[in-house]
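The values are calculated or read from the model by the stated rules, or taken from the named source; none is laboratory data. Note that this is a predicted model, so its numbers are computed, not measured. Cβ placement follows ideal geometry from the backbone for every residue including glycine, while neighbour counts extend to all protein chains displayed. For accessibility, only protein heavy atoms count, side chains too; no ligands or nucleic acids. Shrake-Rupley method; radii C 1.70, N 1.55, O 1.52, S 1.80 Å.
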Amino acid sequence: MTVVRAATAAARRRCIDVEPPYLFDHYDPSRGAGVDVGLDVDSSVLTLAVHGTWGNRLCHDTHTAVRKCLSEHPATLLIDLQALADPRAASVPTWMTARRLGVPMRPPVEVMVCVPEDSPLAGRLHRLGAQRYLPMYHTMSRARAAAAEQMPLTSRLEMQLAPEDGAAAAARAVVTNACAAWRLSELQDRARLVTSELVLNAVEHAATPITMVLSRRGDGLHLAVGDGSPRLPQLLDGFPALPDGAPPRRGSGLHVVHAAATLWGAMPTREGKVVWATVRPWTRR
């Protein structure tokens with residue numbers, strides 16, 4: 001048990017060496033090499049597509065993106081390498097590392113890759129025997145089908161909210177009940193604060209139907225609020241000063257989320273965006 005906890009803690013530290021919020025915007029091909037990230041809220045499958053020729057800059061950007069993606073703690077991280085040019089297969093350690101980071105998380109994150117069958121990268125992965133512990137697929141349709149067959153997250157609640165007064169109160173009630181049912185009462189106050197801000201921001205700034213997904217992730221609570229606006233949130237300067245030990249006040253915007261959540265971020269979806277937050281007993285330094 002001690003070994004498992006140590007491995008989990010080590011993976012957690014590696015995943016948060018980039019300071020939140022973890023924000024992903026849409027990939028712009030005109031900027032050259034880069035990564036494109038999208039989340040399917042219903043299935044909790046997060047897709048990371050790598051574009052361009054593998055080199056130092058793309059390697060750094062990809063490592064950072066993998067850590068951000070794992071911090072969201074999806075059920076599956078699907079890495080799409082179809083648009084990656086890697087003639088020397090130098091990126092292999094990156095995909096091995098992603099798999100190693102996902103395994104000790106609680107619950108584990110299933111990491112899989114989609115790589116063209118006749119590419120040097122696929123050849124090297126096969127020679128190394130990576131397919132024994134890193135699921136590999138040659139088309140995205142097969143990869144998505146395999147992701148859909150994964151065991152769904154347990155202890156998961158989903159609700160639809162209208163962009164109107166009362167949405168935040170309804171969401172807070174669900175959080176309160178979930179914390180009691182899942183024996184996470186110590187997280188209830190922080191989780192309710194985060195829920196209020198994310199739902200109210202969606203009501204005020206997106207004004208579209210809202211999907212809220214609440215799930216248990218080990219000793220923590222994961223909240224995802226999706227809306228129909230592609231505009232990502234911005235953490236602005238000017239957080240009002242509070243006395244030492246005083247809880248954040250409602251109305252302080254995303255600074256409440258930043259103060260109360262252990263980790264948080266946002267990324268595109270097919271319909272718009274999702275803003276997510278994880279609340280755990282441990283907090284950021």
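Overview of results
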{"quantity": "Cα centroid separation - the stretch 158-197 against the stretch 100-145, whole Å", "calculated": "36 Å"}
{"quantity": "Whole-number Å³ per residue for the convex hull built on Cα positions in the chain", "calculated": "141 Å³"}
{"quantity": "Apportionment of accessible area to carbon and sulfur, the chain, percent (1.4 Å)", "calculated": "52 percent"}
{"quantity": "Per-residue ³J(HN,Hα) for the stretch 104-109, Karplus 6.51 cos²θ - 1.76 cosθ + 1.60, θ = phi - 60°, Hz, x for Gly and Pro", "calculated": "x, 5, 10, x, x, 9"}
{"quantity": "Cut-off under 5 Å, modelled amide H: who pairs with Ser229 long-range", "calculated": "Lys273"}
{"quantity": "Separation of the Arg57 and Arg106 label points, Cα + 7 Å toward Cβ, nm", "calculated": "4.2 nm"}
{"quantity": "Computed helical MRE - 222 nm, the chain, DSSP H runs ≥ 4 contributing -39500 (n - 2.57), nearest 500", "calculated": "-10000 deg cm²/dmol"}
{"quantity": "Net length gained if the chain between Glu271 and Glu158 were fully extended (0.36 nm per residue, minus Cα distance)", "calculated": "39.0 nm"}
{"quantity": "Qualifying trypsin sites (Lys or Arg not before Pro) in the stretch 130-207, DSSP loop, other Cβ atoms within 10 Å at most 16", "calculated": "Arg183"}
{"quantity": "Extension gain from Gln131 to Thr176, taking 0.36 nm per residue of separation minus the Cα-Cα distance", "calculated": "11.9 nm"}
{"quantity": "DSSP beta bridges in the chain [antiparallel fraction, %, rounded to 5]", "calculated": "65 percent"}
{"quantity": "Restricting the stretch 83-169 to GluC sites (Glu not before Pro) in coil, as DSSP defines it, with at most 15 other Cβ within 10 Å", "calculated": "Glu117, Glu149, Glu164"}
{"quantity": "Residue-by-residue Karplus 3J(HN,Hα) for the stretch 191-198, coefficients 6.51, -1.76, 1.60, Hz, glycine and proline x", "calculated": "5, 5, 4, 4, 4, 4, 5, 5"}
{"quantity": "Those trypsin sites (Lys or Arg not before Pro) in the stretch 39-112 that DSSP places in a loop and that have at most 15 other beta carbons within 10 Å", "calculated": "Arg88"}
{"quantity": "Chain lengthening between Met96 and Met140 when straightened (0.36 nm per residue, less Cα-Cα)", "calculated": "13.9 nm"}
{"quantity": "Where chymotrypsin sites (Phe, Trp or Tyr not before Pro) in DSSP loops with at most 14 other Cβ within 10 Å are excluded, longest remaining stretch of the chain", "calculated": "134-281"}
